[in-house]
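Trainee: Structure provided below as structure tokens; questions to follow.
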Amino acid sequence: MKRSLKPLLTLGIAATLAFTACSSGSSGGGSASTLNVYMNMSAGSSQSKEMKTLIEKFEKQSGTKINLTIDSGQFESNMKVKMASGNLPDVWSTHGWSVLRYSKFLEPLQDQDWAKYTDKALDTSMRDSDGKLYALPIEYTVTGIMTNFDVLKKAGIDPDSLKTWDDFNAALPKIKAQGATPIVSSGKDNGPAGDMTNEIAANAFTQEQLDSFKAGTFDAKVYQAGTMDRLAQWAQDGDFNADYVSASLDDMAKALAQGTAAFAMTQPTVLSTALSYNKDANIGFIPFPSNNTTGQYLVGGEGVNAYGVWKDSKNKTKALEFLSFLANPDNATPLVQSIGTYPGLTNVHADLGSLQPSYDKYVKPGELPTKPFFDRVYLPNGMWQTMVSSADSVITKQATPEQAAGQMADQFKTLYGQKG
């Protein structure tokens with residue numbers, strides 16, 4: 001979606017002022033003695049707390065000062081401003097887009113000592129056609145539907161019985177009857193509505209339809225049937241949290257932690273945040289249900305917590321040193337555990353605590369297919385914000401599924417035509 005530069009620049013300045021966590025500095029590359037690091041994460045999350053701890057450790061060991069800015073709601077908008085101005089941070093979160101969006105700005109990292117440990121499952125999403133790697137994958141994001149198992153038990157629902165979307169939908173009234181919210185999401189934070197659509201879309205289409213998206217044809221009716229109609233039905237049935245418009249990612253985590261909601265569909269970091277609110281919460285994830293043509297599945301790829309180095313940074317050597325520090329298993333392990341996801345490096349072995357059973361049951365056996373995030377493979381770069389806003393408009397009943405799908409089709413046509 002096209003936006004004027006002035007409001008985005010204002011947002012960028014505001015976010016920098018609001019979220020700077022260490023010493024002050026410019027929003028672009030650091031000075032000779034300071035690294036500017038821009039991270040896409042919630043300010044109060046467990047991973048942001050762990051990152052600050054690691055940065056303090058790095059500063060003491062290296063003598064290098066780090067100016068850390070953390071942001072979530074406006075991260076992508078602010079990064080677009082920074083890319084347009086050519087004034088980028090020394091290190092930033094690539095959040096799933098190290099190749100498709102940021103590679104021309106990033107230093108190739110495949111020759112770094114830690115790179116040989118990159119999980120091969122990430123090759124498809126994190127290496128370009130020449131095999132170049134542009135970010136350190138602290139996490140390998142692989143997830144299903146985030147679940148509070150105690151809520152399901154109270155409603156008399158066996159999580160293993162939710163094999164199809166029909167099974168899933170039949171469970172939602174039972175959850176409401178027990179006084180819990182079936183599906184919690186956030187309209188306040190810029191992401192969860194898009195995450196939900198992305199994950200549903202990952203297995204909603206035939207191979208022929210997927211090939212059509214890649215070839216540049218967006219069939220609005222196909223997209224509507226695969227995604228928007230499902231969201232509209234949940235909205236119509238009252239399956240979303242009543243405070244959706246004002247709810248944040250933290251509110252989603254609290255709802256799962258406190259057992260006031262059964263399901264969430266977003267980045268798995270919500271689970272680790274939930275455990276920071278209630279360490280005894282009986283939470284994890286289950287596979288996404290089958291759409292009756294293919295079986296259950298997981299969704300995965302490059303996670304939010306992947307970090308790249310600006311290729312034109314005046315502090316490139318120190319920035320690469322910082323990435324190597326984060327890649328050290330002694331440092332990567334607590335960071336991965338704070339995120340609550342699989343490590344992206346094979347020499348990192350994290351104990352995910354109460355989240356481990358979900359990974360052991362659904363990920364380790366390798367029996368379920370892991371589908372890529374839909375927008376990163378089948379949509380042109382720049383579609384994410386439209387994906388969020390179109391889904392949000394259906395959830396809030398401000399647009400029909402047909403109108404939302406039409407909005408996506410229009411933006412697809414515009415952006416696909418700009419490729420190359």
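Trainee: Let me understand segment 159-207 better: what is its radius of gyration from the alpha carbons, and its Dmax, in angstrom?
Mentor: 13.2, 40
Trainee: Next question. Per DSSP H run of at least 4 residues, take -39500 (n - 2.57); add these up for the chain, divide by its residues and hand me the 222 nm value, nearest 500 deg cm²/dmol.
Mentor: Working: 18 runs with 178 residues, N = 420.
So the helix-based figure for the chain works out to -12500 deg cm²/dmol.
Trainee: Less than 16 Å from a label point 7 Å out along the Cα-to-Cβ axis of residue 207: which backbone N atoms in segment 285-326 qualify, by residue?
Mentor: Answer for this model: 293-295.
Trainee: Within 15 Å, Cβ to Cβ, of residue 343, how many net charges do the neighbouring residues add up to if Lys/Arg are +1 and Asp/Glu are -1? Display every interim value, and only then the final one.
Mentor: Details: positive: 116, 120, 364; negative: 50, 119, 139, 302, 330, 351, 360.
Result for the neighbourhood of residue 343: -4.
Trainee: Lysines near residue 371 by alpha-carbon distance under 23 Å, same-chain residues fewer than 8 away left out - which ones?
Mentor: 120, 132, 163, 214, 221, 361
Trainee: Still on this structure: Roughly how tilted is helix 5-19, in degrees to the nearest 10 and between 0 and 90, from the longest Cα axis of the chain?
Mentor: Approximately 80 degrees, to the nearest ten.
Trainee: Can you tell me the relative contact order of the chain? Whole percent, Cα pairs under 8 Å, sequence separation 6 or more. Write out the running numbers ahead of the final one.
Mentor: On the way: 788 pairs, mean separation 104.1, N = 420.
Computed value for the chain: 25 percent relative contact order.
Trainee: Can you give me the relative contact order of segment 226-316 as a percent, contacts being Cα pairs under 8 Å and 6 or more apart? Can you show the working numbers first?
Mentor: Numbers: 49 pairs, mean separation 15.0, N = 91.
Over segment 226-316, the number comes to 17 percent.
Trainee: Against the longest principal axis of the chain, how steep is helix 249-258, in degrees 0 to 90 to the nearest 10, with axes from Cα atoms?
Mentor: So the inclination is approximately 60 degrees.
Trainee: If you don't mind, there's one more thing I want to ask. Tell me, what HN-Hα J-couplings in whole Hz come from the Karplus equation 6.51 cos²θ - 1.76 cosθ + 1.60 at θ = phi - 60° for each residue of segment 395-404, using x for Gly and Pro?
Mentor: 4, 8, 6, 8, 9, 7, x, 5, 5, 5
Trainee: Next question, about the same structure. Hey, can you grab everything whose amide H is under 5 Å from the amide H of residue 140? Only 5+ residues off in sequence or another chain; H modelled, so Pro and N-termini drop out.
Mentor: Result for residue 140 returns 342, 344.
Trainee: Which length gain, in nm to one decimal place, applies between residue 402 and residue 174 when the Cα-Cα distance is subtracted from 0.36 nm times their residue separation?
Mentor: In short, 79.2 nm is gained.
Trainee: OK, next. Which ordering of 277, 342, 416 is given by a fewest-first count of other beta-carbon atoms within 10 Å? Please report the intermediate quantities before stating the final value.
Mentor: Working: 277 15, 342 23, 416 18.
Least to most surrounded, the residues fall as 277, 416, 342.
Trainee: Calculate one ³J(HN,Hα) per residue across segment 158-167 by plugging θ = phi - 60° into the Karplus curve 6.51 cos²θ - 1.76 cosθ + 1.60, and present them in order as whole Hz with x for glycine and proline.
Mentor: For segment 158-167, the Karplus curve yields 7, x, 6, 8, 8, 8, 10, 5, 5, 4 Hz.
Trainee: Mind checking Rg over Rh on segment 271-345, alpha carbons, Kirkwood formula for Rh?
Mentor: Values: Rg = 17.4 Å, Rh = 15.5 Å.
Radius of gyration over Kirkwood radius for segment 271-345 works out to 1.12.
Trainee: Further question: Within 10 Å of each residue's Cβ, count the other Cβ atoms and sort 364, 413 from fewest upward.
Mentor: On the way: 364 10, 413 13.
Arranged by neighbour count, lowest to highest, 364, 413 become 364, 413.
Trainee: For a Förster distance of 60 Å, can you work out the FRET efficiency between the beta-carbons of residue 85 and residue 360, rounded to the nearest 0.05?
Mentor: 0.85
Trainee: At a temperature of 20 °C and a viscosity of 1.002 mPa s, determine how fast segment 197-346 diffuses translationally according to Stokes-Einstein, using the Kirkwood radius over alpha-carbon pairs as Rh; express D in µm²/s, rounded to the nearest whole number. Mind showing how you got there, number by number?
Mentor: Details: Rh = 18.7 Å.
For these conditions, the coefficient is 115 µm²/s.
Trainee: Now for a separate question. Pulled fully out, how much extra length does the chain show between residue 237 and residue 385, if you take 0.36 nm times their separation in residues and subtract their Cα-Cα distance?
Mentor: 50.7 nm
Trainee: What residues qualify as long-range amide H neighbours of residue 145, i.e. H under 5 Å apart, gap of 5 or more or another chain, H built at 1.01 Å from N?
Mentor: 286, 288
Trainee: Using only alpha carbons, build the gyration tensor for the chain and give me the equivalent ellipsoid semi-axes, biggest first, whole Å.
Mentor: They are 33, 25, 21 Å, listed largest first.
Trainee: Using the 10 angstrom Cβ neighbour count as an exposure proxy, how do 318, 82, 65, 120 rank, fewest first?
Mentor: Details: 318 23, 82 20, 65 17, 120 8.
In increasing order of surrounding Cβ atoms, one gets 120, 65, 82, 318.
Trainee: What FRET efficiency would be calculated for the residue pair residue 123, residue 225, taking the C-beta separation as r and a Förster radius of 45 Å, to the nearest 0.05? If you can, show how the numbers build up before the last one.
Mentor: On the way: r = 32 Å, r/R0 = 0.71.
The value I calculate is 0.90.
Trainee: Would you mind computing, in nm to one decimal, how far apart the modelled labels at residue 217 and residue 328 are, each placed 7 Å from Cα along Cα→Cβ?
Mentor: 5.5 nm
Trainee: Taking H placed 1.01 Å from N in the peptide plane, check which residues at least 5 places from residue 65 or on another chain put their amide H under 5 Å from its amide H.
Mentor: Answer set, sorted by chain and number: 35.
Trainee: Using the Karplus curve 6.51 cos²θ - 1.76 cosθ + 1.60 with θ = phi - 60°, work out ³J(HN,Hα) for each residue of segment 209-222 in order, rounded to whole Hz, and write x for Gly and Pro.
Mentor: Rounded to whole hertz, the list is 5, 4, 4, 5, 4, 5, 7, x, 10, 10, 8, 4, 5, 5.
Trainee: Considering only the other residues whose Cβ falls under 15 Å of the Cβ of residue 119, what net charge follows from Lys and Arg at +1 and Asp and Glu at -1? The partial results should precede the final answer.
Mentor: Details: positive: 116, 120, 127, 364; negative: 123, 139, 302.
Surrounding charge for residue 119 is +1.
Every read-out reported here was derived from the displayed coordinates using simple, explicitly stated rules and does not represent laboratory data. These figures come from a predicted structure and were not determined experimentally. Note: ideal-geometry Cβ built from the backbone for every residue, glycine included; neighbour counts use all protein chains shown.
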